Amino acid sequence: MFRVHPVLCLAFASCIGGESEPDPEACELAAESQTCPSCTSGPMTCTFGDTSVTEGSCGECQARGSLYQALCDAGEDASREEIVEDTVCEPATCEVFYDSCSDPCAPTCVLGSEIPESTCDMACVTPLPPPGACAWSGGGCDWVATR
């Protein structure tokens with residue numbers, strides 16, 4: 001005789017008869033933002049709440065689309081209007097940071113928003129010169145050769 005376990009019946013019934021939940025509106029925005037031009041005007045940081053994305057972008061287009069995708073992946077449940085109105089996009093800058101904890105101080109090229117807080121109170125005695133210009137290169141801040 002064939003017996004079907006009651007839990008399996010419920011699980012199967014919910015899969016075939018249940019309604020799927022609609023995608024968050026962030027997912028709809030992410031899908032709609034896939035039409036950016038293929039240019040890069042520089043790094044852009046777009047932020048909504050605690051979620052922030054920085055990338056090379058043509059204006060705000062790619063950065064905003066990547067932010068919407070990150071919000072979708074995180075299951076953000078804010079409305080379309082909230083997300084669009086409360087998203088802030090600003091140009092990102094790359095900056096030279098000297099770690100005053102080491103001597104000689106080694107320069108690093110980082111996003112201005114990601115400069116680490118130094119706990120050292122001494123100044124660099126012999127700072128090393130930067131190996132080039134600190135600029136956006138590809139997917140992040142890096143040293144670019146100067147002429």
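The values are calculated or read from the model by the stated rules, or taken from the named source; none is laboratory data. Keep in mind that what you see is a predicted model, and the values were worked out from it rather than measured. In this analysis, Cβ positions are derived from the backbone assuming ideal geometry, glycine residues included, and neighbour counts consider all displayed protein chains.
Pairs, please: C-beta under 7 Å, at least 6 apart or cross-chain, first residue surrounded by 16 or more Cβ atoms within 10 Å (Cβ to Cβ) and in the stretch 132-147, second small (Gly, Ala, Ser) and modelled with pLDDT under 85? Hits for this filter: TRP136/GLY42. A single entry from ALA63, ALA70, ALA78 fulfils the requirement of being within 21 Å of GLU32 (Cβ to Cβ), in contact with a strand residue (DSSP E or B) (Cβ under 6 Å, 6 or more places away or on another chain) and surrounded by fewer than 19 Cβ atoms within 10 Å (Cβ to Cβ): ALA70.
So which of PRO127, PRO131, PRO104, PRO91 ends up being modelled with pLDDT of 85 or more and farther than 30 Å from LEU71 by Cα?
PRO131
Assessment of the stretch 78-87 against the conditions (at pLDDT below 90 and either farther than 25 Å from CYS109 by Cα or not assigned by TED's automatic domain parsing to the domain that holds SER113 (or both)) yields no matching residue. Number of residues in the stretch 45-60 that are in contact with a Pro (Cβ under 9 Å, 6 or more places away or on another chain) and surrounded by fewer than 21 Cβ atoms within 10 Å (Cβ to Cβ): the value is 4.
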